[in-house]
Amino acid sequence: MTKVSVFIATSLDGFIARVDGSIDWLERANAVVPEGEDCGYKAFMASVDVLVMGRNTFEQVLTFGAWPYRDTPVIVLSHRLLSIPEAIAATVTISQESPGELVTHLSAQGIRHIYVDGGKTIQNFLAANLINELPITVIPVLLGTGRSLFGPLPHDMPLKLIQVKSYQFGFVQYQYRTFRTYDSGTCDPRFQTLNDAMLATTFRCTSCLNWYRYHQMFIIHQFHFVFAS
């Protein structure tokens with residue numbers, strides 16, 4: 001199975017940029033990060049086969065100066081014609097595919113790890129239930145308004161917290177996994193919500209089964225607490 005990941009930073013109140021798209025607050029926060037510390041970004045990028053981003057993110061990255069992704073293939077999702085600088089033309093392509101179509105296409109090519117970047121693009125992949133892992137680094141600043149990391153979803157999306165790492169300079173990184181990630185088999189879409197999983201009697205993947213068992217134990221504990229009171 002092709003893994004699809006997000007690796008992104010947000011303000012404490014959940015914004016990835018100001019309303020105008022600027023990230024000056026993030027640049028200020030990065031200024032206090034010790035030299036050589038990247039919060040796991042280099043190791044993450046070393047595992048990435050393809051990076052997928054939206055047009056707005058692509059155009060913003062072009063303003064940074066040197067292209068930061070080197071030889072990593074980048075796919076820009078856009079329905080508009082884009083001008084790709086000659087220096088990166090060998091590694092950047094444009095696609096008009098939907099998230100589902102793109103993942104299917106890349107998976108058929110043998111791609112094992114897709115990195116999705118950019119607020120709207122991340123939201124679209126989440127809404128299509130295509131994200132496996134979400135390392136989210138929270139920056140200790142409140143913006144009040146801005147562009148939110150998350151948007152509308154067709155249903156609740158339970159997450160499993162895998163790891164939390166705090167840094168002395170104030171960043172906190174949360175590693176979440178969605179229930180699209182499983183140990184074996186194919187996850188039945190009927191089990192995408194808690195109610196479906198709780199009502200099911202058979203399971204086609206290990207994670208769904210473990211999820212069901214966990215919530216069974218939680219409910220039993222709650223009943224014991226009520227009657228003991």
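Brief remarks follow.
- Entry note: region 14-79 has Rg to Rh equal to 0.97, where both radii use alpha-carbon atoms and Rh is the Kirkwood radius.
- Partner lysines whose Cα lies under 22 Å from the Cα of K160, excluding those fewer than 8 positions away in the same chain, are identified as K3.
- Amide hydrogen proximity for I94: with H placed 1.01 Å from N in the peptide plane, the residues at 5 or more positions away or on another chain lying under 5 Å are V76.
- Within region 3-178, the proportion of C-alpha pairs whose separation exceeds 20 Å stands at 55%.
- Order of H155, H113, H79 - criterion: other Cβ atoms within 10 Å of each residue's Cβ, fewest first: H79, H155, H113
- Per-residue Cβ neighbour counts within 10 Å put M1, M45, M53 in the sequence M1, M45, M53, beginning with the fewest.
- Relative packing of peptides 167-173, 64-70 - highest average C-beta neighbours within 10 Å first: 167-173, 64-70
- Spatially, region 150-164 and region 59-90 are offset by 29 Å when compared through their Cα centroids.
- Computed label-point distance, nm, for sites I94 and V172 using a 7 Å Cα→Cβ extension: 4.2 nm
- Listed residues T91, G118, N129: farthest to the positive end of the dipole of region 3-178 (Cβ charges): N129
- Cβ-defined net charge surrounding Y69, 13 Å radius [Lys, Arg +1; Asp, Glu -1]: -1
Coordinate-derived values only; no laboratory data. In this text, all values refer to a predicted model and were calculated from it rather than measured experimentally. In this analysis, Cβ positions are derived from the backbone assuming ideal geometry, glycine residues included, and neighbour counts consider all displayed protein chains.
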